[in-house]
Amino acid sequence: MTIKEKLLELFESNKGRYFSGEEIAQKLCVSRAAVWKAVNSLRNAGYEIDAVTNKGYCLSAKTDILSSQGIQKYLNSQCRNMELTVLPTVCSTNAMMREKAESGAPQGCAVISNEQTQGRGRYGRNFFSPQGTGIYMSLLLRPSNYSASQAVRITTMAAVAMCEAIEEVSDEQAQIKWVNDIFVKGKKVCGILTEASFGLESGTLEYAVLGVGINVYYPKEGFPEELRQTAGAVFECTQDDVKNKLTAAFLNGFMEFYQAQDQSGYVRKYRERSLAVGKHISVIFADQARNAVVYGVDEECRLLVRYDDGQTERLSYGEIEIKFEEDKLS
């Protein structure tokens, strides 16, 4: 760990507390000149560090910058040993994690970034991932004996965990648009993409990469034209250390669901947060759309739909469009 990283760990664990240069030097076993250089390096990285004569240095409580040290302090004991890699920018966190997975990286490691230059969503679509306003994260999982049909659990667990994380750090209610989008105040604030590798002989999951992208704040330039009607953010203005809190809250919640012996516990929460149940929708397959009504979610989080011709179906994949202007079912 570099002097800069050690200093950030000290500051993150003691936000709002002043340390003299001499005290820091003693704690880190370095010279005061090295402390001064590390402080300036953190300032250049965007950290607001106050310096007061006879008091020393202090990391402002209003700082909201993602860091492994900042996330770690909010993780519970179950997640405290997770390997976290936090980067200013990446091509794609999922692509980077797939490379790590193929190289034998362990379950539970995560890549987290402030920006993606080539973020991806479902069906190969681009995922808007601008600098500084969101959290873009991929988590490596190596579940035992997961079939292809069971892999959807990872996405649905993540959806519930993200809803609960948003509600933990904000006053907002979060809901799920089947299967992988999180909405706040009628706007999409988060997308989830799970990519998996299966053994040809066993047909079971070798590993899964869980990708999550969340709009914490609105971009200064606004969303691109094609997203302005549908995209939103959790917060209107900057909050104190909320990116680290939100990331940790998601990891804590997801790993609790994932490691539980009985994984059915999250299904009730998924149903409660469903935006689709009781709504009129269009079910979209390729270039075809069929009108339907959603009458429930089953134990595998499949969407239960009834088409206009009376036919029913349990949807385990595909895409839907909710007709919000329609009344709920009586």
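Nothing in this text is a laboratory measurement; each read-out follows from the coordinates by a stated rule. This structure is a prediction, so every number in the text was calculated from the model and none was measured. As a convention, Cβ positions derive from the backbone with ideal geometry for all residues, glycine included, and neighbour counts pool all protein chains shown.
Net charge in the neighbourhood of Asp50 (other residues with Cβ under 12 Å of its Cβ; Lys, Arg +1, Asp, Glu -1) is +4.
Judged by the mean number of other Cβ atoms found within 10 Å, the most tightly packed of the peptides 312-320, 33-41 leads the ranking 33-41, 312-320. Peptide packing for 287-300, 100-113, 161-174, 203-216 was compared via the average number of neighbouring C-beta atoms within 10 Å per residue; ordered from the highest value, the list is 203-216, 161-174, 100-113, 287-300. Straight-line reach from Lys27: which lysines fall under 18 Å, measuring Cα to Cα and dropping same-chain residues less than 8 apart? Straight-distance partners of Lys27: Lys4, Lys6, Lys15, Lys37, Lys55. For the range 280-322, the Cα gyration tensor yields ellipsoid semi-axes of 15, 12, 8 Å (square root of five times each eigenvalue, largest first, whole Å). P(r) for the chain, from all Cα pairs and a bin width of 20 Å, is 29, 53, 15, 2 %, short bins first. Taking label points 7 Å from Cα along the Cα-to-Cβ direction, Lys4 and Gln261 give a separation of 4.7 nm.
Calculated mean residue ellipticity at 222 nm for the chain: -8500 deg cm²/dmol, from DSSP H runs with n ≥ 4 weighted as -39500 (n - 2.57), summed, divided by the residue count and rounded to 500. Using only the alpha-carbon atoms, how far is helix 93-102 inclined from the longest principal axis of the chain? Give it as 0 to 90 degrees, nearest 10. Helix 93-102 sits roughly 90 degrees off the main axis of the chain.
Sorting 89-96, 13-20 by their mean Cβ neighbour count within 10 Å, with the most densely packed peptide first, gives 89-96, 13-20. If you count Lys pairs in the range 172-330 whose Cα atoms are under 12 Å apart, skipping same-chain pairs closer than 8 places in sequence, the total is 6.
Applying 0.36 nm per residue to the separation of Asp240 and Thr312 and subtracting their alpha-carbon distance, the gain on full extension is 21.2 nm.
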